[in-house]
1. I'm trying to understand the selection: among the residues of the stretch 23-37, which are of a type outside the set (A, V, I, L, M) and either open to solvent by less than 40 Å² (accessible area, probe 1.4 Å) or farther than 15 Å from Arg51 by Cβ (or both)?
2. Report whether or not Lys41 is open to solvent by 90 Å² or more (accessible area, probe 1.4 Å) and part of a loop (DSSP other than H, G, I, E, B).
3. Between residues in the stretch 5-17 that are modelled with pLDDT of 80 or more and residues that are outside any helix (DSSP H, G or I), which pairs lie under 6 Å by C-beta distance while being six or more apart or on different chains?
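The values are calculated or read from the model by the stated rules, or taken from the named source; none is laboratory data. These numbers come from a predicted model, not from an experiment. A quick note on method: Cβ atoms are made from the backbone with ideal geometry, for glycine too, and the neighbour counts reach across all protein chains shown. Only protein heavy atoms, including side chains, enter the accessible area calculation; ligands, DNA and RNA are left aside. Shrake-Rupley method; radii C 1.70, N 1.55, O 1.52, S 1.80 Å.
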Amino acid sequence: MARNASGKRTEKANLPNKVCMTCNRPFAWRRKWRDCWDDVKYCSARCRDHRAHKNKGGTSQTDTAP
């Protein structure tokens with residue numbers, strides 16, 4: 001966890017949060033994101049991949065039966 005100026009660890013409740021662009025759930029800061037927190041948009045690789053596949057199809061399913 002991140003440490004404050006006095007060297008103590010920050011409590012999990014005090015970590016910054018964001019909302020996932022795919023599932024709209026809140027997620028908290030992680031140490032592995034300390035250098036790129038501003039660029040993080042998704043809570044997990046699953047949400048990131050789901051978002052990418054969702055935009056690939058792009059075809060609408062219209063009923064063309066006679």
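1. Pro26, Phe27, Trp29, Arg30, Arg31, Lys32, Trp33, Arg34, Asp35, Cys36, Trp37
2. So Lys41 fits the description; yes.
3. Hits for this filter: Leu15/Ala28; Leu15/Trp29; Pro16/Trp29; Asn17/Pro26; Asn17/Ala28.
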